[in-house]
Amino acid sequence: MSMKDSHKLFLQSFMSRGLLDAKEVRQLYRTCCLKFNEKYAEKEEDQKAHLLEFVRTINRNIQPFHMEIKKGVSEEEGKSFYCLVCTSDTSITKLASDYTQPEMEFFKRLIESIIDSDNGEIGSTSAINSVDKLEKVNKKLSKQDAQNLLERLEAQKWIKISRGRVSLATRALLELEQYILEVYSNITDKCNVCKRLCVKGQSCDSCNTKLHFHCAIRFFQNKENPRCPNKECGVNWAHEIPNRSTDVEMPSTQQESRKRKTRT
């Protein structure tokens, strides 16, 4: 099925905005349908089915151009997001048109530092000071340059800065997932439940099996004696299971330290 005007308007919004949460996507879908007098389901369950097919139609049409509207979930809040991503280039070089080579090197070091941290975040001061360790650059960045770049990365939804801590935002986890898994394969984990990249979450004390916070909530729901989901392990799950709305951010005190893989 070819795209109608409603699909094109929907896609154009993604091209200009990049990342939208589930509520924004539903509102955009409604706007596009009503603007072109297309069928719009009022019942919530019908809306979900129609929206799913609507996005599938767009993805089928943009697949030849190596593009896809991809759905993901924020690691801290458990909220659903949709992002327009490039599927042909899994490297970070896809960002080269927006950032200089020194800025790219800084971003790569920032990603590595976050991935290699115990709880998926680093201090903003540590992030800024990392400019002193950049080697593959012709022009050094000043610490003020680094501060300005952090603000740009946050504004463009690549990172999140909260209470002086820097972490990867949902856009980075969606668009750069394959890059991170390939380049940092020795220090990254996939969630045992959803099989997606997991930077922040809970880890089994015995086998290091990792779960997103929101996946832990879903997996251990109504289970009196939660056990590790790894069938080869099955020991008692030592962590407190988060009990929260999917729209409430996880308190930093519940961000469990993760056991990292040993570098080779």
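The numbers here are math on the coordinates, done by the rules we state, and not lab data. Keep in mind that this is a model prediction, so the values were computed, not measured. Cβ: placed from backbone, ideal geometry, glycine included. Neighbour counts: every protein chain shown.
Listing for the model above:
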{"read-out": "Net charge of Cβ neighbours under 10 Å - reference V235; Lys, Arg +1; Asp, Glu -1", "value": "0"}
{"read-out": "Convex hull projection area averaged over all views, the range 92-174, Cα basis, nm²", "value": "5.2"}
{"read-out": "Fluctuation leader among G78, G234, G123 - the chain, Gaussian network, Cα springs under 10 angstrom", "value": "G234"}
{"read-out": "For the chain: rounded, prolate or oblate by the Cα gyration tensor [a/c cutoff 1.5]", "value": "oblate"}
{"read-out": "Placed amide H near K79: partners under 5 Å, 5+ positions off or other chain", "value": "S74"}
{"read-out": "Stokes-Einstein D for the range 55-101, Kirkwood Rh over Cα pairs, 37 °C, 0.692 mPa s (µm²/s)", "value": "265"}
{"read-out": "Nonlocal amide H pairs with G123, under 5 Å, H built at 1.01 Å", "value": "V166"}
{"read-out": "³J(HN,Hα) computed for each position of the range 224-229 - Karplus, 6.51 cos²θ - 1.76 cosθ + 1.60, integer Hz, glycine/proline x", "value": "5, 10, x, 10, 4, x"}
{"read-out": "J(HN,Hα) series, the range 159-171, from Karplus relation 6.51 cos²θ - 1.76 cosθ + 1.60, nearest Hz, glycine and proline x", "value": "10, 10, 10, 9, 6, x, 10, 10, 9, 7, 7, 4, 4"}
{"read-out": "Long-range HN-HN contacts of D189 with modeled amide H, under 5 Å", "value": "C198"}
{"read-out": "The range 5-65 - Rg and Dmax from Cα coordinates, angstrom", "value": "11.2, 34"}
{"read-out": "Per-residue ³J(HN,Hα) for the range 186-195, Karplus 6.51 cos²θ - 1.76 cosθ + 1.60, θ = phi - 60°, Hz, x for Gly and Pro", "value": "7, 10, 10, 9, 10, 5, 5, 8, 9, 6"}
{"read-out": "Equivalent ellipsoid dimensions for the range 38-171 as semi-axes, Å, which come from the Cα gyration tensor, largest first", "value": "35, 19, 11"}
{"read-out": "At R0 = 35 Å, FRET efficiency that the Cβ-Cβ distance of S206 and S162 yields, to 0.05", "value": "0.65"}
{"read-out": "Cα-based Rg and Dmax for the range 143-222, where Dmax is the largest Cα-Cα distance (Å)", "value": "14.8, 50"}
{"read-out": "Charge context of V183, other residues only, Cβ under 9 angstrom, K/R +1, D/E -1", "value": "-1"}
{"read-out": "Restraint check, K23/K70; K39/K71; K8/K35; K94/K157; K70/K195, Cα-Cα greater than 18 Å", "value": "K39/K71"}
